[in-house]
Amino acid sequence: MTISIIGALSGLPKVTIEVITSLLEGPALNMSHGGDFTGKPSTQLHADASWVLKIDERRNFSTEEVAHKWSALQIEKERAYGIYHPQRCWFVIQRKGWVVGNISPRMQPLHTIDFSTLSSEQRLNYLTNLLAIYCRFAAGSEKRLDEGLSNFALLDDQLFYLDDDIYPWDSFSSFSAMLANWLRKSDELGMDSDQWQVLGKSLKPLLRGYSSSADDMVYEGLSDQFVGSFEMHKQTLISELRSVESCVMVKKAAAVVLQSGDEPIGMIADVHANLPAFESVLKRFAEMGVEQIMHLGDIVGYGPQPAACIRLAKEQSICCIRGNHDHYVAHHGDVKVAASRSAQWTLDWTIEQLDDDDRAWLATLPVRHRTDKWMAVHGSPIDKSFFNGYVYNMTAEKNLEHLRSRDIRICLHGHSHIQGVYAMQGSVVLPFINAAEVDLNPFSASLICPGSVGQPRDGQVGAEAAIFYPDRMRIELFTVPYDIEKVALEMQDNNFPERIVQRLRAGR
């Protein structure tokens, strides 16, 4: 049996060929769910009191040279990851071909620890360290780790990752599911409400290390998770991910729905700092007796009057959702927010026009509003940020399927700047609907965009808006004229990119 040690992550391996040979001569360990050792069917494990050796027969190469090169590259990657024990070592063994394997110091996997016997401090320390490893790795790699407790282990009170595999990034979907699983095991983990609150306080800055919207993604992802009798613990945890001011905004959005009953709700989106367009739409709502108004994101960006539009939204008690432009400005240019070069110019300009209070207000806006019958976002329902993804002809079917699979019949959104409805009848996607009135009752799922108040992109010259009747399941779409040239001239006076000015004039 020919064995070559390629190297350890720390550089100089402490393990010897004799140790590896001795382990391989012994029987492979049985792996079972919940047992001391877990793994994939293709994995072969050997262990003694000091070491755990792992071979995956799928990593079988035709030549020794290729196996050596693969192992050397793997060592480089794992050093950069910074999640494994420094004495993790890769080796090559000749079998039917050249098989690579690794060996690490024996550690105690977290799933074998009785958390209920730990002190509160120790319990929180282990869970917080796991979250920190996960979030730091996600921030540095745009990949995710396997979230199971069995994949993290302790040695000398330090926590390390065990699994060989790294997984594609899923915008905290699996992470949220992991937290929900922990919540369902609150008794087993010995976690009470106070400890969930402490964990939530620790989690928020870790998520912000990934992005300024990560806490929103986990908040919304965990909100959708079922945790049975531990719902109060869940609310305690996620309340730490959302500011007090943001919680007030959410309650305000809920109040709009509760007060409306079968009364109409004015639906607008993408005001984009265009005050005359905003005022024209609000005037039309007032003439029609519409008192409750919801704005589906992007009150700033593109236009020249951001502070005035924010002030008007506050004065009119308009329920607002956060859009990608709002988020960029609130967080001083988050690079993970989608924005074109010309849009970014206007956003950077906008940051300079707003004071701290206005930017803080934008940051408190929720990214999603959901009721039993419908939901509202800025971007698309399948996008985990809820403000970067677009609904258009290439993505409509996937978004509609998402709604239908979750028994959500209606999603109102902005971001596309194109007024109209994508709908599904049964499982059939219908052609795009752009009509003055649309009855939503026949549809199993529908995506409704009221258009853009301040920057239409469908050839409409004017301010677009809609009136939504939740109980009657009906939407009315319309366009209101306003003085576009006044806004265009103000944009030019402030040296806005000419492309943005001309798009306003053309409605495209």
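Within the range 437-447, the presence of at least one residue that is within 22 Å of residue 286 (Cα to Cα) and open to solvent by 10 Å² or more (accessible area, probe 1.4 Å) is confirmed.
Applying the selection to the range 43-56, what residues are over 19 Å from residue 5 (Cβ atoms) and surrounded by 14 or more Cβ atoms within 10 Å (Cβ to Cβ)?
Of everything in the range 43-56, just one residue is over 19 Å from residue 5 (Cβ atoms) and surrounded by 14 or more Cβ atoms within 10 Å (Cβ to Cβ), namely 43.
Being open to solvent by less than 10 Å² (accessible area, probe 1.4 Å) and in contact with a strand residue (DSSP E or B) (Cβ under 8 Å, 6 or more places away or on another chain) is a condition met by at least one residue of the range 423-432. Residues in the range 266-313 that are in contact with a strand residue (DSSP E or B) (Cβ under 9 Å, 6 or more places away or on another chain) and among the basic types (Lys, Arg): 283, 284. Of everything in the range 409-419, what is of a type in the set (A, V, I, L, M, F, W, C) and open to solvent by less than 10 Å² (accessible area, probe 1.4 Å)? Give them in sequence order. 410, 411, 412, listed by residue number.
Filtered by the rule that a residue be at pLDDT below 85, open to solvent by less than 60 Å² (accessible area, probe 1.4 Å) and among the polar types (S, T, N, Q), the range 1-42 gives 38, 42.
Take the conditions modelled with pLDDT of 95 or more and either closer than 25 Å to residue 145 by Cβ or among the aromatic types (Phe, Trp, Tyr) (or both) and apply them to residue 58. Does it pass? Against the criterion (modelled with pLDDT of 95 or more and either closer than 25 Å to residue 145 by Cβ or among the aromatic types (Phe, Trp, Tyr) (or both)), residue 58 does not qualify. Regarding residue 42, is this residue polar (S, T, N, Q) and either closer than 25 Å to residue 130 by Cβ or in contact with a Phe, Trp or Tyr (Cβ under 9 Å, 6 or more places away or on another chain) (or both)? For residue 42, the condition - polar (S, T, N, Q) and either closer than 25 Å to residue 130 by Cβ or in contact with a Phe, Trp or Tyr (Cβ under 9 Å, 6 or more places away or on another chain) (or both) - is not met.
Of the residues making up the range 415-425, those that are in a strand (DSSP E or B), closer than 12 Å to residue 396 by Cβ and not small (Gly, Ala, Ser) are 421, 422, 424.
Taking residue 280 as the residue in question, decide whether it is surrounded by fewer than 24 Cβ atoms within 10 Å (Cβ to Cβ) and within 22 Å of residue 502 (Cα to Cα). When the stated conditions are applied, residue 280 passes them. Does residue 508 satisfy the condition of being open to solvent by 40 Å² or more (accessible area, probe 1.4 Å), closer than 22 Å to residue 297 by Cβ and of a type in the set (D, E, K, R)? Judged against the criteria, residue 508 is a match.
For the structure I just gave you, tell me whether residue 36 is touching a residue at least 60 places away in the same chain (Cβ under 8 Å), assigned to a strand (DSSP E or B) and not basic (Lys, Arg). For residue 36, the condition - touching a residue at least 60 places away in the same chain (Cβ under 8 Å), assigned to a strand (DSSP E or B) and not basic (Lys, Arg) - is not met. Set side by side, the residues 342, 405 differ, and just one is in contact with a helix residue (DSSP H, G or I) (Cβ under 9 Å, 6 or more places away or on another chain) and small (Gly, Ala, Ser), which is 342. Inside the range 75-101, residues that are part of a helix (DSSP H, G or I) and either open to solvent by less than 40 Å² (accessible area, probe 1.4 Å) or touching a Leu at 6+ places or on another chain (Cβ under 8 Å) (or both) make up a count of 3.
The values are calculated or read from the model by the stated rules, or taken from the named source; none is laboratory data. None of these values were measured; they are calculated from a predicted model. Note: ideal-geometry Cβ built from the backbone for every residue, glycine included; neighbour counts use all protein chains shown. With ligands, DNA and RNA removed, areas are computed over all heavy atoms of the protein, side chains included. Shrake-Rupley method; radii C 1.70, N 1.55, O 1.52, S 1.80 Å.
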